[in-house]
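Where a number appears in this text, it was derived from the coordinates with a stated rule and is not lab data. Worth saying up front: this structure is predicted, and the values here are computed from it rather than measured. Note that each Cβ is placed from the backbone with ideal geometry, even for glycine, and that neighbours are counted across all protein chains shown.
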Amino acid sequence: MISKLGVCSRTQAARYVADGRVAVNGRTVRDPESPVDPARDRIALDGEALQSAKRIYLALNKPRGYVTTAADERGRETVYALLADAGLPWVAPVGRLDKASEGLLLLSNDSAWAARITAPETKVDKTYHVQIDRVPDAPLLASLRRGIEDRGEFLGARRVRELRRGSANSWLEIVLDEGRNRQIRRLLAAHEVGVLRLVRVAIGPVSLGGLGKGRFRRLGAMEVAAFAR
C-alpha cells in the first residue's frame, strides 16, 4: 500500500507494516497484504499521514561495476550511490542491468508506469550495443536471429545487425522485446561468442544519447507518456 504511494519500496513497506508502524484509518495493520485504497483510506506511518509522492521519472547512464539493488549483501556499489547527493525522493529501477553491463537504466516511483514497461505482453524494445570477441559471419548473425533453447527458455533477438568491425572484434546492435535474465550473454555464450562490452542504448523511444556515465536526467513529458499507452 505504501509503495503504491511512491514513498518507498515494497520490501521496506512490508517491514514498516510488520513492525507495527503503519495505521489505516487510525488502526494499526500488520498484514502487508491488507486491502487498502490509497485514494480513500487514511494511511499513516509513525503517526504521520502519508500522501502520494510526486511522481519522478529518470534516465541514468549506469557505469559498469554497479548493481541495480537498493542494498547489496556483498558490499558492492549500487546505482543509488549515483543519486545520493541529488535530493531525490525514493525511486526504483525499472528492470535491471547486471553488474558487468552498462548504459540506460530507467528509475521511477510510479510502480504502475514501471510495470507497463517491464510486463512481457507490452514487448517494449530494448536496444543494446554489444562488443564481441570476433568478427561475425552471416551464419552466426542468422543463428542469433533465429534464437535458441536454453534451460527451458527460448532466447532470441528481435533484430541483430553488425555495426562496425575491427581486425579481431566487432560491435553488434541487438534489439530485444522481452527481458529474460542475462539473455544476450546467454545467447552469445551458446554460440561460443565472448562479450567484451554490453551497453543498453535505448528503451522504447528513450535513448541514452550523450548522457555521461554515472549521470542522470529527468524524462520529458512525451517520453513518460510514450509508456503510458
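The table for this structure:
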item: Packing-based ranking, highest mean first, of 199-212, 91-104 given that Cβ atoms within 10 Å are counted; result: 91-104, 199-212
item: Contact order relative to length of region 104-229, as percent, for alpha carbon pairs under 8 angstrom and 6 or more apart; result: 33
item: Neighbourhood charge, 9 Å Cβ-Cβ cut-off, centred on residue 59 and excluding it, Lys, Arg +1 and Asp, Glu -1; result: +1
item: For peptides 219-225, 56-62, sequence by mean Cβ density within 10 Å, most packed first; result: 56-62, 219-225
item: Gain on full stretching of the segment that runs from residue 100 to residue 151 - 0.36 nm per residue minus C-alpha separation; result: 16.2 nm
item: Cut-off 15 Å between beta-carbons: net charge of the residues surrounding residue 217, Lys and Arg +1, Asp and Glu -1; result: +3
item: Listed candidates [x] 1.15; [y] 1.02; [z] 1.04 - label of the one calculated as Rg/Rh (Cα atoms, Kirkwood Rh); result: [z]
item: Cα-centred dipole magnitude for the chain, charges only on beta-carbon of K, R (+1) and D, E (-1), debye, nearest 20; result: 460
item: Spacing of the two label points (7 Å from each Cα toward its C-beta) at residue 123 and residue 182, in nm; result: 2.8
item: Charge dipole (the chain, unit charges on Cβ, about Cα centre) - positive-most of 117, 170, 82; result: 170
item: Distant-in-sequence amide H partners of residue 109 (H built 1.01 Å from N, under 5 Å); result: 56, 92
item: Mean Cα-pair separation over length for region 16-152, i.e. relative contact order, pairs under 8 Å, 6 or more apart, %; result: 18
item: Residue-span extension gain [residue 18 to residue 137] - 0.36 nm each, minus C-alpha spacing; result: 37.2 nm
